[in-house]
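The values are calculated or read from the model by the stated rules, or taken from the named source; none is laboratory data. Computed from a predicted model, the values in this text were never measured in an experiment. Heads up, the Cβs are rebuilt from the backbone with ideal geometry, glycines too, and the neighbour counts pull from every protein chain shown. Quick note on the areas: whole protein, heavy atoms, side chains included, nothing else; ligands and nucleic acids left out. Shrake-Rupley method; radii C 1.70, N 1.55, O 1.52, S 1.80 Å.
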2 protein chains.
Amino acid sequence: MTFKEGLHNKAVDIEKALDRFFVSDKTKFDQQIIEAMHYSIASGGKRIRPILLMEIGKLYGVKESDLMPFACAIEMIHTYSLIHDDLPAMDNDDYRRGRLTNHKVHGEAMAILAGDGLLNYAYEIMAQTAFEKQEPKYVRAMFEVAKAAGHKGMIVGQVADMVSEDQEGDKTTLSFIHENKTGQLLTVPMLVGGILGNAEENQIKLLKTLGHHIGLMFQIKDDLLDIESTQEVLGKPIGSDEKNNKLTYPSLYGVQASYDLLETLKSEAIVIVESLPGDKIFLKDLIDFLVYRNN
Amino acid sequence: MTFKEGLHNKAVDIEKALDRFFVSDKTKFDQQIIEAMHYSIASGGKRIRPILLMEIGKLYGVKESDLMPFACAIEMIHTYSLIHDDLPAMDNDDYRRGRLTNHKVHGEAMAILAGDGLLNYAYEIMAQTAFEKQEPKYVRAMFEVAKAAGHKGMIVGQVADMVSEDQEGDKTTLSFIHENKTGQLLTVPMLVGGILGNAEENQIKLLKTLGHHIGLMFQIKDDLLDIESTQEVLGKPIGSDEKNNKLTYPSLYGVQASYDLLETLKSEAIVIVESLPGDKIFLKDLIDFLVYRNN
């Protein structure tokens, strides 16, 4: 099995698990909100966050079924953030991943509620899991997710990104935006994987650094693709960062320096991965994929 | 001390506790989102949900400090739901409790994020408390809150309310809307109070019925005030339900039958309250207040 096949299979596993969370009680209203929530959950994407969580957890010997609720919860939080980001009052996007955005299909009010519903459901699922397992590590994992997704995590990153548009940018602001807006929710799967795997505290620290690096690599690569890819390959218009006066790594550091930074981060990430227990082949391939992907 | 003074003091205690959760790290962006979140938290209101939680918990001998994080979390969830309900895409309200709504002051994008931030923060606070206490009852309480606030609870109630506007209504739909939209978040404080108080399961069932009754009384009274009060006393325009073709108890059952229902519910609620342990004087006064209030 090639890496790409493996990645695809893992994404399919996540999607099957996600689908099982969206079963209606068959009341009319229940069906409407579940349909709106599921529309965006089923809109594809790389499923990087849940896959990272599963991979790290498995390195520490955790059963897939014990990891899956948290993997799905984090994907729901990621999805809610996309639905709300796409709203007319925010980025006002009509398309995402080649499909109409949630509010274009379900209306703006329902899209707001679908986002709210997904965020809340993520915590419902984690709380239920923590209650059933009766082990403090599940509560700790949930607390970490809440911090990462919150107003001192992902949300403040979104605020910073929004407020900084069309402003003279600096490197500190750029780091702040990306460490929070995308970095937090790419880091927390590593933390949760380690926490549920009973990793030592020093290992959890390393996982946090690894998550930070992966988040940054992901963002720099995104910035570079927005300049150097084509609409056909990327599936969305290129050049949108420049058009929207977004702060990006290439715009502040230059293209070559961004590639160099990407390589440095990748080398450091691989060193950390090598120090982890278990079979790291897929995880290393995944890091390569994130750095060398073309969409 | 009169009941009104007692109620006021309890609301002030909740507000002081809430305020302590909104301290900025002094980064520019952090201050902006915290300000937007705190704007609506500080916008007054009766603080009925947290007060109910504290009162029930205290009947079972729980320390105030052990109840307060959950009381604040539920008030944050209530507040986020108001911010999102007021948005232009939803009810498009410019004023709430005599102050400009969140999006009129902070802009629509920031109001969406402030709502998201409050919802997420509620779970962060509950998860932190549950992690620090290391007792399963805190996790159970959090799970109950998540179910009540979620897409099979408060959110589906909002969906039903939205979808039913301007439609031929029936009593089943009316019950469904209110049991979910307002009922769930008025019931769950009773549940949490009982759960944190180690109440027996049969008592928790009674508390759930009591919460259901309080929620319904609250709603019927709101519907009646919208017909019979004045803008001066109510602090907002009256007659808005009729104008918006909302399903209400008076419109479906008639005014007198609504008053009768209110009295029946109140008698049943008082019977349950009498069966609870501890000093129930304030709780009984509170129920009277909810039924006979004029705003």
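Taking a quarter of the surface of the Cα convex hull of the protein assembly as shown, what do you get in nm²?
Seen from a random direction, the Cα hull of the protein assembly as shown projects 26.3 nm² on average.
How far apart, in nm, are the 7 Å Cα→Cβ label points at A:LEU261 and B:VAL105?
If labels sit at A:LEU261 and B:VAL105, their model points lie 3.7 nm apart.
Before anything else, pin down the relative contact order of chain B: Cα pairs under 8 Å, at least 6 apart, normalised by residue count, whole percent.
Relative contact order for chain B comes out at 18 percent.
Once Rh is set to the Kirkwood radius over Cα pairs, what Stokes-Einstein translational diffusion coefficient, in µm²/s, holds for the range A:206-295 at a temperature of 4 °C and a viscosity of 1.567 mPa s?
On the way: Rh = 13.9 Å.
Roughly 93 µm²/s, to the nearest whole number.
Which value, in Å to one decimal place, does the Kirkwood hydrodynamic radius take for the range A:43-112 when every pair of different Cα atoms is included?
13.4
Nm distances between the label at B:MET1 and the same-position labels in the remaining copies, 7 Å along Cα→Cβ, shortest first?
Distances to the matching label points in the other copies: 6.4 nm.
Just add up the charged neighbours of A:SER240: K/R +1, D/E -1, any other residue whose Cβ is under 9 Å from the Cβ of A:SER240.
So the environment of A:SER240 carries a net charge of 0.
Multiply the residue gap between A:GLU200 and A:GLN231 by 0.36 nm, knock off their C-alpha separation, and tell me the result in nm, one decimal place. It would help to have the intermediate numbers written out before the result.
On the way: separation 31, 0.36 × 31 = 11.16 nm, distance 4.45 nm.
6.7 nm is the gain from fully extending A:GLU200 to A:GLN231.
Which of B:ASN294, B:ALA149, A:ALA130 sits farthest toward the positive end of the charge dipole of the protein assembly as shown, with +1 on the Cβ of Lys and Arg and -1 on the Cβ of Asp and Glu?
A:ALA130
Excluding B:VAL105 itself, what net charge comes from residues whose Cβ is under 15 Å from its Cβ, given Lys and Arg +1 and Asp and Glu -1?
Summing Lys and Arg as +1 and Asp and Glu as -1 gives -1.
Assuming R0 = 30 Å, what is the FRET efficiency of A:ASN9 and A:ASN294, from their Cβ-Cβ distance, to the nearest 0.05? Write down the numbers at each step before the final one.
On the way: r = 21 Å, r/R0 = 0.70.
Between A:ASN9 and A:ASN294 the formula returns 0.90.
State to the nearest 20 debye the size of the charge dipole of the range B:199-286 about its Cα centre, where the only charges are +1 on K and R beta carbons and -1 on D and E beta carbons.
160
What FRET efficiency would be calculated for the residue pair A:SER275, A:LEU252, taking the C-beta separation as r and a Förster radius of 22 Å, to the nearest 0.05?
0.10
Using only the Cα atoms of chain B, construct the convex hull and provide its projected area averaged over every direction, in square nanometres to one decimal.
15.1
Hey, how many Å between the Cα centroid of the range B:98-168 and the Cα centroid of the range B:1-75?
The distance from the Cα centre of the range B:98-168 to that of the range B:1-75 comes to 15 Å.
Quick one: putting +1 on the C-beta of Lys and Arg, -1 on the C-beta of Asp and Glu, what dipole do you get for the protein assembly as shown around its Cα centre, in Debye to the nearest 20?
Dipole of the protein assembly as shown, to the nearest 20 debye: 1100 debye.
Taking each full run of DSSP H in chain A as one helix, which ones are at least 24 Å long along their axis (Cα atoms) and have mean Kyte-Doolittle hydropathy of at least 0.5?
Membrane-span-like by this rule: A:255-274.
With a 1.4 Å probe, what is the total accessible area buried between chains A and B, in Å² rounded to the nearest 100?
Roughly 4600 Å².
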